[in-house]
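Visitor: Would you mind keeping the following structure in view while I ask a few things?
The values are calculated or read from the model by the stated rules, or taken from the named source; none is laboratory data. Since this is a predicted model, take the numbers as computed values, not measurements. Here Cβ is always computed from backbone atoms with ideal geometry, including for glycine, and neighbour counts include all displayed protein chains.
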Amino acid sequence: MDMTLSSLPLPVRLRPDVPMSDLDLIRFSRENRPLRMEREPNGEILIMSPTGYKTGKLNLKVGRFLDEWAEIDGRGVVCDSSTGFKLANGAVRSPDAAWVSNERDAKLTEQEQEGFGPLCPDFVIELTSPSDKLPDVWKKITEEWMAAGAQLAWLIDVKNRTVTIFRPGEEPETLFDPTSVQGDGPVRGFELVMGRVWG
Amino acid sequence: MTEAEDELEFDRMEREADYAFRLHLPVEWMPLPARVRFDPPLTESELLRFSETNDIVWIEREADGAIYMRPIAPTIVAMYSGHILADVSIWAETDGRGTCCGRAGWCLPDGSMRGASISWILTEKLNRFTKEERKGFVATAPDFVIEFMSSHHDRAYLEQKMGQWIANGVQLAWLIDSDSRTVTIYRPGEEPEVLIDPSSIQGTGPVRGFELAMGRVWE
């Protein structure tokens, strides 16, 4: 039995009295494709509309460039933007692209790999879509990804053509319309040529 | 179109596209009764639509905005509530002062939307609302309500709800529990009065003159 709520404006936050388990959340997401779901540390489910056309195009390109590099580089693996990562604070989040070292990837059991990845990626990329509020994405990076142990995060602001780089223990650094961005730390050697992203 | 105009147009499109999605709430992960909160809260029309499209579930809104969902009445409760509804309705028609409603939702002054199995409202009060307004949940409290205790009800929850009816302007509320054969009567400014195994209940206040024979309920 299913209840439905039609014409619901999104994003919306849903807070059930009884929190959803990981399995519930996986089922709930599956029932509600193509909506995107994340779980807040307090158990609230954030329900977002499907990615817009332009953001979807850019998203895949960024992921593809990272994955092409990672395959040749050989030190880690890349996950797409629909992957859920379960953080230590109970949140389930999806970055637009994520890189995880082979060493940490190999530690996950088969069962863990089937659910939300119980780890924080070493490197994440977030793109702002027009409906995103920049302070919210900024907060997600500093308070979730970096706090959970990411070694490097990039925030690509599509509208303003800026890239902000977050490193542990350092002030974020914003590049204005850079021609390319150089990876460091876990992804030293990766270069994202922005001209190819903007297309 | 310049690039900047194009961006603005795109922004507008994406904002406008940001609605009208259908959300499925699978009951497997949400055993009823359940309480969920939406942020931003559902509007009155969204709440109405949610109730109408999911009439296999009883939906109310708490004063704090949480949506409360519980199963619809089991057969035995539906049977005796049917008898009582008929009695109240027939009496109301003869009496002429008020209108009897079954399963109606009311938007109460404290911000909640509550449904009662049976409610009765002065027709004069109901007539203040336009036909259009009456297509939704009208923003007033009924004058008299009857609630039934059934197996899926938490007694403490229902007792609290009875108090909320009174706090929101209901003049008389009866809670009928067929398992314990008790009827609890709530009135403004008075302690609830418990009748044990009454053969009939006398209406007071707004429904003075109404008498409910309990024989069919207790059978």
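Here's the yes/no breakdown for (1) buried (at least 18 other Cβ atoms within 10 Å of the Cβ); (2) part of a helix (DSSP H, G or I):
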residue: A:125; (1), (2): yes, no
residue: A:132; (1), (2): yes, no
residue: A:140; (1), (2): yes, yes
residue: A:149; (1), (2): no, no
residue: A:154; (1), (2): yes, no
residue: A:168; (1), (2): no, no
residue: A:189; (1), (2): no, no
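Visitor: Let me ask another. Pick out the one residue from A:72, A:125, A:141 that is under 24 Å from residue A:198 (Cα atoms) and touching a helix residue (DSSP H, G or I) at 6+ places or on another chain (Cβ under 7 Å).
Guide: Unique residue meeting the criteria: A:125.
Visitor: I've got another one for you. Pick from B:32, B:48: which is within 11 Å of chain A (Cβ to nearest Cβ) and either assigned to a strand (DSSP E or B) or under 17 Å from the mean Cα position of the chain (by Cα) (or both)?
Guide: So the residue among B:32, B:48 that is within 11 Å of chain A (Cβ to nearest Cβ) and either assigned to a strand (DSSP E or B) or under 17 Å from the mean Cα position of the chain (by Cα) (or both) is B:32.
Visitor: Which of the residues belonging to the range A:88-111 are within 16 Å of residue A:187 (Cα to Cα), small (Gly, Ala, Ser) and surrounded by fewer than 23 Cβ atoms within 10 Å (Cβ to Cβ)?
Guide: A:101
Visitor: Listed residues A:32, A:59; which is within 22 Å of residue A:116 (Cβ to Cβ), at the interface with chain B (Cβ under 10 Å from one of its Cβ atoms) and not hydrophobic (A, V, I, L, M, F, W, C)?
Guide: Unique residue meeting the criteria: A:32.
Visitor: Further, regarding this structure: Going through A:74, A:43, A:115 one at a time, which residue ends up being more than 11 Å from chain B (Cβ to nearest Cβ) and on the phi > 0 side of the Ramachandran plot?
Guide: The unique qualifying residue is A:74.
Visitor: Would you point out which residue out of B:72, B:90, B:67, B:56 is among the β-branched types (Val, Ile, Thr) and either surrounded by 17 or more Cβ atoms within 10 Å (Cβ to Cβ) or in contact (Cβ under 8 Å) with a residue 60 or more places away in the chain (or both)?
Guide: B:67
Visitor: Among the numbered conditions (1) crowded, with 20+ Cβ neighbours inside 10 Å; (2) closer than 30 Å to residue B:27 by Cβ; (3) within 16 Å of the chain's Cα centre (by Cα), tell me where residue A:28 comes up short.
Guide: Result: residue A:28 fails condition (3) only.
Visitor: Right, another one. Do the conditions hold for residue A:50, that is, is it touching a Lys or Arg at 6+ places or on another chain (Cβ under 6 Å) and surrounded by fewer than 17 Cβ atoms within 10 Å (Cβ to Cβ)?
Guide: Considered against the rule, which asks whether it is touching a Lys or Arg at 6+ places or on another chain (Cβ under 6 Å) and surrounded by fewer than 17 Cβ atoms within 10 Å (Cβ to Cβ), residue A:50 comes out as no.
Visitor: Something else now. Quick one: is residue A:153 at pLDDT 95 or above and over 16 Å from residue A:184 (Cα atoms)?
Guide: For residue A:153, the condition - at pLDDT 95 or above and over 16 Å from residue A:184 (Cα atoms) - is not met.
Visitor: Here's something else I'd like to know. Go through the range A:76-97 and report how many residues are in contact with a Phe, Trp or Tyr (Cβ under 9 Å, 6 or more places away or on another chain) and of a type outside the set (A, V, I, L, M, F, W, C).
Guide: Total meeting the criteria: 7.
Visitor: On the given criteria, is residue B:160 touching a helix residue (DSSP H, G or I) at 6+ places or on another chain (Cβ under 6 Å), of a type in the set (S, T, N, Q) and not assigned by TED's automatic domain parsing to the domain that holds residue B:39?
Guide: Taking the combined requirement at face value, the residue does not satisfy it.
Okay, residues lined up against (1) in a strand (DSSP E or B); (2) under 25 Å from residue B:121 (Cβ atoms); (3) over 17 Å from the mean Cα position of the chain (by Cα):
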position: B:151; (1), (2), (3): no, no, yes
position: B:163; (1), (2), (3): no, yes, no
position: B:166; (1), (2), (3): no, yes, no
position: B:169; (1), (2), (3): no, yes, no
position: B:179; (1), (2), (3): no, no, yes
position: B:190; (1), (2), (3): no, yes, yes
position: B:209; (1), (2), (3): no, yes, yes
position: B:216; (1), (2), (3): no, yes, yes
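Visitor: Taking the residues in the range B:147-165 that are in contact with a Leu (Cβ under 8 Å, 6 or more places away or on another chain) and aliphatic (A, V, I, L, M) as candidates, determine which candidate is nearest to residue B:189 (Cα to Cα).
Guide: The selected residue is B:162.
Visitor: Give the residue, chosen from A:20, A:37, that is under 23 Å from residue A:113 (Cα atoms), touching a strand residue (DSSP E or B) at 6+ places or on another chain (Cβ under 8 Å) and at the interface with chain B (Cβ under 7 Å from one of its Cβ atoms).
Guide: A:20
Visitor: Within the range B:198-219, track down each residue that is of a type in the set (D, E, K, R) and modelled with pLDDT of 95 or more.
Guide: B:208, B:211
Visitor: Regarding residue B:3, is this residue more than 7 Å from chain A (Cβ to nearest Cβ) and at pLDDT 90 or above?
Guide: Taking the combined requirement at face value, the residue does not satisfy it.
Visitor: Only one of these is at pLDDT below 85 and surrounded by 12 or more Cβ atoms within 10 Å (Cβ to Cβ): B:36, B:27. Name it.
Guide: Step by step, each of B:36, B:27 is checked, and only B:27 is at pLDDT below 85 and surrounded by 12 or more Cβ atoms within 10 Å (Cβ to Cβ).
Visitor: Could you tell me whether residue B:84 is at pLDDT 90 or above and under 27 Å from residue A:31 (Cα atoms)?
Guide: no
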